[in-house]
Amino acid sequence: MTLLPQERTAPAQIFPSPREGERVEETPPSFCWLKVDGVSRYELVIRDLEGTPVWNGVTDRNYLVPDKLLKPGIYFWNLFAEGRERGWWQFEIVPESVPFIRPSAADVFRKVPAGHPRHLFFPHDVSALKDAKAAEIETLKHNIQTALKAGMPEPPRFHRDAEALPYREYFGRYRDFVDRDLVACALGYALLGDRQAGNHAVSSLLTVCDWNPAGPCSILGPWGDEVGLSNARCLPAVYDLVWDLLNEKERLYVEQTIATYALQCEELLNHLDFGQNPGNSHAGRVPAYLGEAALVLKGSSVPQETLERWLTLALDIYGSFFPYYGGADGGWAEGTFYASSYTKWYLPFFLAVERYADVRFLDRPFYQKVIQYFLHFSPPGWESHPFCDGYWCGSDDAEWPGFFAQNPYRLYAGRSGLELAEQWARAAAAPDLFKLHLLDIFIPDGSRPDHPLTGSLDRTRVFPDAGFVSLHTDPAHPDRDTAVLARASRHGTASHQHADQGSFALIHKGRTLITPSGYFGRGYGTRHHLEWTKSTMAHNAILVDGVGQIRNSHLATGRIVSCGETDGILHAELDLSAAYPMLISWIRQFTLQEDGGLIVRDRIEAEKPVVISWLLHTLSEPVMGTDHDIQKENQKEDESAPCCMIPPDPIGTVLLNHRGIQLAIIPRCGLTEFCSISGEFAVPLNEGVPEAYQVAMPQQYHLAWLTPAAPVHDITVAFVIGGTCDSNYRSAPAT
């Protein structure tokens, strides 16, 4: 029989799953595949280890979920269409798998109460919420004062006035008015009975509704989608919270505005063919907004069949292949900056469905394990959060206020069973001002899963779907921890990801000693961002004859070979061969000692002699060492010993003092004595940006060692933290 091809051809396309040999932790699993040209009907067949069929279904989509639980065990699945088949793939449902039967829209919709508020919480929840969230209530009061002082939002003019506030600056300000101020005042009315806040919310809501949703505030317009996304996200919740302050005509007006944005959400998902192409970064939040519109508009002027259609689409997506950037491992492929927000957008919808129908999306494997990703990649007080776009940002960042969530642990921590996660969540619960994510703050917390998958907090963690490894000497105590983080991802180098397979970061006591480099500049898509930040040159990887990885490619991938701990030594191995088509292979190994000493080993093979550029980046100016003393007791001439025990080689050694932490970078073999150090970007930060909108960001430094030309390279570099370095050094020549 002719085979159905299942090879990805674009970065945003879905990954067929379950993969061959995959161990699945929920039952029934979600099945998804790539559409095949000319095929409009697929039959999914599942059989057990003995070959007995256990389930089959037919669909015109590229995803399907069985309507019954499958017992733990080994299964095979296949696709049939147009006289062709994909071939049998094996998978296993593990004994600890979470049972998760997807709800129907009709069942959920039937249980939505008639009264308001009904979306974030019910009226009878208010008293308990106020008691449980006393500290957050005080912050909310500050937010309300800020909103009343700020006044009404101003309409966009960027679409027709060259002298007006441009789109990038406008939508940042718009988030203050809508995502922050409007939501805060609506919450203030519903929770505190604050009539002044409620009246301000009504005025702001109606003002926003006055602006044509098909114009510059559209999700689908040519000017950008951020303003429309804020409206689609916030208007349903605000309408629900202040419903009794609106008269009949105002309700109709707001309902029709919400419905317009919901129709745009639906159109966007259909236009993208989102089931086939779920890698559109912005679109992943849109099904939640569609579902929320359906829930709050029950009993409104919008026909019930329309609302159920929207709700069906939202439940289908979140019950199957979503999230695309987050796999069953709990990691987020686009990095911590985006994870902290993109794992929050859908929470109001999830928790509403949970209250109505007792169907718990947060029990699914990804949502149980994402707290592990935050514990490993965003401990409190870290200076930066590698990898991908926004790694340099924090929650108080002036560039994107609040987008790095002020409390990424909220809700996930309370369901994890990890006391440390709950401790960190409590510490971050009530900042001086809520910046962006207010819609998940005042939601009842819910209970822990009946089938827990989170696990314990360990010193090593691998996120194979997202493509990250994490090594921590003391993850529970960031003030004395040393962490090595590295990326090797099946997701490639597209969207908010960079051409940085194999890159790593070294973080000690929250201070980033070895870092990615580059910024957005004014925003996503500047010359600096596209030509420097997203390029291999900006990362702690390699160039081959001056050439790095292909940007925006689904083929430039990496693979995690292993990650673990042996006799107190933390280690990981990555295979980055696919990211460099000019190489036969590149294998990178990390060894992290108890004292924070790190060894990085590279084995690189090519068919012909090549020159390797070995790249590093730092946040404080490094200098080349000529004489130093970083010897420690019992030094041994032994490559397997902790790197602090290896006698230093002064040739090519670089010294660094970053915020009081000393680091020595010691090439052990494979690199020449030449090392270039530069404090300049190859593409300036503000290249091509009008002077009025140029930005200032902290300086970064860029190092490169070279190898002789050879077909095989074995490179070893040691990193020693806290050595005592004397003052006999010279500055390296700038390049």
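The values are calculated or read from the model by the stated rules, or taken from the named source; none is laboratory data. What you are looking at is a predicted structure, and each value in this text was computed from that prediction instead of being measured. Neighbour counts are summed over all protein chains in view; Cβ atoms, including those assigned to glycine, are modelled from backbone coordinates with ideal geometry.
Comparison of PRO475, PRO516 shows that the only residue that is in contact with a His (Cβ under 9 Å, 6 or more places away or on another chain), under 14 Å from HIS385 (Cβ atoms), part of a loop (DSSP other than H, G, I, E, B) and not assigned by TED's automatic domain parsing to the domain that holds HIS376 is PRO516. Helices (runs of 4 or more DSSP H) fully within segment 151-223 that include at least 3 residues being modelled with pLDDT under 95: 167-175. The condition of being assigned to a loop (DSSP other than H, G, I, E, B), assigned by TED's automatic domain parsing to the domain that holds ILE612, touching a residue at least 24 places away in the same chain (Cβ under 8 Å) and among the aliphatic types (A, V, I, L, M) holds for only one of ALA505, ALA556, ALA572, that being ALA556. State yes or no: is ARG601 of a type in the set (Lys, Arg), in the same structural domain as LEU671 (by TED's automatic domain parsing) and touching an Asp or Glu at 6+ places or on another chain (Cβ under 6 Å)? So ARG601 does not fit the description; no. Would you check if there is a residue in segment 43-54 being within 25 Å of PHE361 (Cβ to Cβ) and either of a type in the set (Phe, Trp, Tyr) or in the same structural domain as ARG364 (by TED's automatic domain parsing) (or both)? No, segment 43-54 contains no residue that is within 25 Å of PHE361 (Cβ to Cβ) and either of a type in the set (Phe, Trp, Tyr) or in the same structural domain as ARG364 (by TED's automatic domain parsing) (or both). Is it true that GLY521 is at positive phi, small (Gly, Ala, Ser) and not assigned by TED's automatic domain parsing to the domain that holds ASP329? Yes, satisfied. Looking at segment 357-377, which of its residues are surrounded by fewer than 24 Cβ atoms within 10 Å (Cβ to Cβ), within 24 Å of LEU438 (Cβ to Cβ) and not basic (Lys, Arg)? Once the filter is applied, which keeps residues that are surrounded by fewer than 24 Cβ atoms within 10 Å (Cβ to Cβ), within 24 Å of LEU438 (Cβ to Cβ) and not basic (Lys, Arg), segment 357-377 yields PHE361, LEU362. Here the condition is being of a type in the set (D, E, K, R), modelled with pLDDT under 95, over 30 Å from SER577 (Cα atoms) and surrounded by fewer than 23 Cβ atoms within 10 Å (Cβ to Cβ); of ASP481, ASP396, ASP432, it holds for ASP396 alone.
Yes/no per residue for (1) assigned by TED's automatic domain parsing to the domain that holds VAL561; (2) assigned to a loop (DSSP other than H, G, I, E, B); (3) of a type outside the set (S, T, N, Q):
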| site | (1), (2), (3) |
| --- | --- |
| TRP424 | no, no, yes |
| PRO431 | no, yes, yes |
| HIS437 | no, yes, yes |
| PHE442 | no, yes, yes |
| ASP465 | yes, yes, yes |
| VAL469 | yes, no, yes |
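The residue list ALA466, ALA538, ALA499 contains one member that is surrounded by 18 or more Cβ atoms within 10 Å (Cβ to Cβ), within 30 Å of PRO348 (Cβ to Cβ) and of a type in the set (A, V, I, L, M), which is ALA466.
Just one of the numbered conditions (1) part of a helix (DSSP H, G or I); (2) among the basic types (Lys, Arg); (3) farther than 30 Å from ARG173 by Cα is not true of LYS298: (1). Checking every residue in segment 57-69 against the condition of being in contact (Cβ under 8 Å) with a residue 24 or more places away in the chain and at positive phi gives zero matches. Within segment 335-385, the set of residues being within 11 Å of the chain's Cα centre (by Cα) and small (Gly, Ala, Ser) comprises GLY335, ALA339, SER340, SER341.
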